[in-house]
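Here is the structure we will look at, set down as structure tokens.
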Amino acid sequence: MYIAHTIAELRDHLAAFKRPAFVPTMGNLHDGHLALIRQAKPLGDVTVASIFVNRLQFLPHEDFDTYPRTWDSDCEKLRAAGCDVLFAPDEKALYPEPQTCKVHPDPALADILEGHFRPGFFVGVCTVVMKLFQCVQPRVAVFGKKDYQQLMMIRHMVRQFALPIEIVGSETFRADDGLALSSRNGYLNNGERAEAVQLSKALKAMAEAVQAGERDLAAIEARAMQALTERGWQPDYLVLRRRTDLQAPTFGMNGEPLVALAAARLGGTRLIDNLEIEAPAS
Ligand code: PAF
């Protein structure tokens, strides 16, 4: 695996390839990331991953400083997964001057849900992804569906800027008990880890209620909020939204595809998850 620490090294190395397939990450890699690498591999003529903990997408009180940096094991895992090139710039290499020119995604999508609870988060994400796209110049990029809103935002950005990049969404990788894999799961103690599966269970219960024909979505959401709160969680949101734009659906929605999305804090750890729901008949 070739490791580039600067944009110039990366561009030199990638000049020989026509169709880079790209997986951006912030490191602290788990099996979910490696599944993205394996999915990217047959889609291009060179597989590129990046590791960059992007300060721009962290709020001042969030975990930028303590975000786990696990360089040696990340490199080992990427090699084993068949990654060809790792782009790992430091902050000076990616942001040699303050990044005052930023991508401001559509507020209709960027200011709800994650964007509501983490203001500016998607400006940070879109800005770094746009910059990484300029560095790697991929033809295809793979993002996990676990960050559902992020994936939608990236698709929208790529479409609006006519970037010649195919965005592939990859199914969420789950532990045996159903917990969505996340770098932040490492913050959970043993008791919290056992409890954490309740987030995906809450989403499943919401999906089952919709599929069973219940149409009072507010009641379904309120029940899910209450169930998690009673177990000691601090939920930010548990909602049912249209898959097309993440807005609240209107009934009779006539088979409109839905997604249940959740973010909740368990102890000091904020977890997110989502579940696509098969279109219910009206
Ligand atoms: O999903 C992530 O890990 C990050 O948001 C990303 C896409 C690598 C941008 O920093």
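The numbers here are math on the coordinates, done by the rules we state, and not lab data. None of the values given here were measured: they were computed from a predicted structure. Glycine gets a Cβ as well: all are built from the backbone with ideal geometry, and neighbour counts include every protein chain shown.
Numbers at a glance
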{"quantity": "Dimensions (Å) - the stretch 17-76, Cα atoms, principal axes, largest first", "calculated": "40, 22, 17"}
{"quantity": "Principal-axis tilt of helix 71-81 within the chain, Cα atoms, nearest 10 degrees", "calculated": "90 degrees"}
{"quantity": "Helix axis angle, 148-160 relative to the chain longest principal axis, alpha carbon, degrees", "calculated": "60 degrees"}
{"quantity": "DSSP-defined beta bridges in the chain - what % are antiparallel, rounded to 5", "calculated": "50 percent"}
{"quantity": "Percent RCO, i.e. relative contact order, over the chain, from Cα pairs under 8 Å lying at least 6 residues apart", "calculated": "17 percent"}
{"quantity": "Reach of Lys92 by Cα under 17 Å, taken over aspartates and glutamates that are not fewer than 8 positions away in the same chain", "calculated": "Glu9, Asp65"}
{"quantity": "Neighbourhood charge, 11 Å Cβ-Cβ cut-off, centred on Glu62 and excluding it, Lys, Arg +1 and Asp, Glu -1", "calculated": "+2"}
{"quantity": "Normalised convex hull volume, the chain, alpha-carbon set, Å³ per residue", "calculated": "133 Å³"}
{"quantity": "Theoretical gain in end-to-end length, Arg215 to Arg19 [0.36 nm per residue, Cα-Cα removed]", "calculated": "66.0 nm"}
{"quantity": "Ranked by how many other beta carbons lie within 10 Å on average, peptides 29-42, 220-233, 5-18 from highest", "calculated": "29-42, 220-233, 5-18"}
{"quantity": "The chain: angle of helix 217-230 to the longest principal axis, Cα-based, in degrees nearest 10", "calculated": "80 degrees"}
{"quantity": "Long pairs among Lys102/Lys146; Lys77/Lys146; Lys102/Lys204; Lys102/Lys201; Lys102/Lys145, criterion Cα-Cα beyond 31 Å", "calculated": "Lys102/Lys204; Lys102/Lys201"}
{"quantity": "D_trans [Stokes-Einstein, Kirkwood Rh over alpha-carbon pairs] for the stretch 129-247, 10 °C, 1.306 mPa s, µm² s⁻¹", "calculated": "95 µm²/s"}
{"quantity": "Charge dipole magnitude, Cβ of K and R +1, D and E -1 - the stretch 86-198, Cα centre, debye nearest 20", "calculated": "300 debye"}
{"quantity": "Selection from Thr172, Ala196, Met157 lying farthest towards where the dipole of the chain points positive, charges on Cβ", "calculated": "Met157"}
